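Written below as structure tokens is the structure these notes are about.
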Amino acid sequence: MIEFAGDVAIVTGAGGGIGAASAQLLAARGARVVVADIALEAAEAVAHAIAGQGGDAIALPFDLHDETSIERLIARSHDHFGSIGILHANAADLSPDLNGRDGAIAGMDAQVWDRIFGANCKGTMLCSKYVLPHLLAAGGGAIVNTGSALSLRGNLVQSAYSASKLALVQLTRSVATQYGKDGVRCNAVLPGLTRSPAVVAAFHPAIFELELEETLTPTLAEPVDIANAAVFLASSAARMITGQILVVDGGEGAHVPGIGKVRETLLHGQMINS
């Protein structure tokens, strides 16, 4: 079993969904966890739940759009726990108003594009910038960025979101290349559609049915499935893995389109013409 034996882990966007699952799993495996989120009350609820299970966690506020806030988060984490060993940079700006305006390129509002990139790409870069000196001082550590399987595919909407998440892939490789010899590993986990409470509330049920048709596994991912991958990448069990992306999408991106309809055709005894 993966154990962290008191390592200090910062998880951003940990007030719910994937971030909360990651923080809880890290704590359950022995890490001391900083639960960071712009929604402090949500972060405090997660930290309280961790403490209730015998774990060690604090909640801290931060804003992915604010460099000073990010710098303060890292400093306060170090002041409270000491040496930092893990950063799971999971936060993104998923505000409904902003993402509702993230559509096709011909109608793209440049301010929407800039704000999404400012959080998802620049903000994540700044998290690495401010945590790296601590990881280097400790002799190494691990950074896991949360990207998106959408960054590997075209889409009718979410142009800025998917492009910003692809930029994280290159950020991941850059950090891995620049600091690997100093003991710092950097990888990215790329979730497919994940049934977090916020996602379930935001999407029409038909979207989940469509996604499930294209998924090779029997179910869609839950937040803990993505957390399991992120925690593995952060652990010593992955000590020879760096600069890599791990797609956790139930195999949705591994096949030709329309596999659900093909499966239905075969199940009804029809043959594919040769």
Within segment 37-57, is there a residue that is part of a helix (DSSP H, G or I) and at pLDDT below 95? no
If a residue has to be aliphatic (A, V, I, L, M), over 30 Å from Ile58 (Cβ atoms) and either surrounded by fewer than 18 Cβ atoms within 10 Å (Cβ to Cβ) or in contact with a His (Cβ under 8 Å, 6 or more places away or on another chain) (or both) to count, how many in segment 68-122 make the cut? 5
Take the residues of segment 149-174 that are open to solvent by less than 10 Å² (accessible area, probe 1.4 Å), farther than 15 Å from His88 by Cβ and of a type outside the set (A, V, I, L, M, F, W, C): which is nearest to the chain's Cα centre (by Cα)? Lys165
Condition check: of a type outside the set (S, T, N, Q), in contact (Cβ under 8 Å) with a residue 12 or more places away in the chain and part of a helix (DSSP H, G or I). Does His88 satisfy that? no
Would you confirm, using the coordinates I've provided, whether Gly16 is surrounded by fewer than 24 Cβ atoms within 10 Å (Cβ to Cβ) and either under 19 Å from the mean Cα position of the chain (by Cα) or modelled with pLDDT under 95 (or both)? yes
When segment 207-241 is examined, which residues are found to be in a helix (DSSP H, G or I) and either open to solvent by less than 40 Å² (accessible area, probe 1.4 Å) or on the phi > 0 side of the Ramachandran plot (or both)? Phe208, Glu214, Pro223, Ile226, Ala227, Ala229, Ala230, Val231, Leu233, Ala234, Ala238
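The values are calculated or read from the model by the stated rules, or taken from the named source; none is laboratory data. Fair warning: this is a prediction, and the values are worked out from it, not measured in the lab. Cβ coordinates were reconstructed from backbone atoms using ideal geometry, including for glycine residues, and neighbour counts include every protein chain displayed. All accessible areas refer to the heavy atoms of the entire protein, side chains included, with ligands and DNA or RNA removed. Shrake-Rupley method; radii C 1.70, N 1.55, O 1.52, S 1.80 Å.
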